[in-house]
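Report on one structure; see the data block that follows.
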């Protein structure tokens, strides 16, 4: 019974950590918490190595229930650039310095080492990324200042040959409301399309074809990296099937190497 009571007390106390975190963010005292954590690291270094779960290691904020409430009422955004290793130290240092100069210091930063991959629309580089969580103010002028800062940081990253993960981006020019460029804004979902595959072909009635002849070699190089294509998972000849399908659909659509999609 005692272990259960202790667990309940621990869970309850942990659930009320977020007000202190909110106060630290609002009063600009995250640096004090970082200093305390740094000092505590000396004691941790003297401890024996210990195992930690995957979730606890990668999602440290989830240790605190409702941790995201500490950014109320404006919420937060994450700015995460991917920078080639030859420019990593200079660029990431510049980004942090600019945040400090602007008075918009991230309350959390996560540095990661990355390797390149063969995928078509990849954000990976042979280098580093720095995920910086920034609080969003409810005051209009502070919000606009944050967007301008992020755009300035993005220019620094892009100039150095860096990249961004588009699925998480909300601060590049084409993502911001009110920004006028020579290109259409990439905002919102304009349509949903389903590519043909052999697993659920029943009832599939295509009427949109997209030519992929010029991309087939790159697609082949990327898809052969997967185990299922090499026959390690299934004996089905995926690669031969899709290559033949591209030829057939290309003939049906009037052009070589076509591929078809269905729009609902």
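Laboratory data are not the source of any read-out in this text; all were calculated from the coordinates shown. Every value quoted in this text rests on a predicted model; they were computed, and no experiment measured them. Cβ placement follows ideal geometry from the backbone for every residue including glycine, while neighbour counts extend to all protein chains displayed.
Some notes on this structure:
- Hypothetical label at residue 78: residues of region 155-171 whose amide nitrogen lies under 15 Å (7 Å Cα-Cβ projection): 164-171
- Extension gain from residue 68 to residue 35, taking 0.36 nm per residue of separation minus the Cα-Cα distance: 9.7 nm
- Plainly put, region 113-163 has a radius of gyration that is 1.10 times its Kirkwood radius, both from alpha-carbon atoms, as the Rg/Rh ratio.
- As a calculated quantity, the FRET efficiency between residue 61 and residue 96 at R0 = 30 Å, using C-beta atoms, amounts to about 0.90.
- Relative protection proxy for 140-146, 85-91, from highest mean packing down: 85-91, 140-146 (other beta-carbon atoms within 10 angstrom).
- Measuring between their Cα centroids, region 67-118 and region 235-254 lie 43 Å from each other.
- Modelled spin-label separation between residue 42 and residue 214, with each label point placed 7 Å from Cα along the Cα-to-Cβ direction: 6.2 nm.
- Our estimate of slack between residue 197 and residue 155, defined as 0.36 nm per intervening residue step minus the Cα-Cα distance, is 11.2 nm.
- Here 96, 208 are placed in order of increasing Cβ neighbour count within 10 Å, fewest first, which gives 208, 96.
- Computed extension length for residue 53-residue 244: 64.3 nm, one decimal, from 0.36 nm per residue of separation with the Cα-Cα distance subtracted.
- The per residue volume of the convex hull around the alpha-carbon atoms of region 73-188 is 116 Å³.
- What the Cβ-Cβ distance of residue 131 and residue 27 gives, at R0 = 30 Å and to the nearest 0.05, is a FRET efficiency of 0.80.
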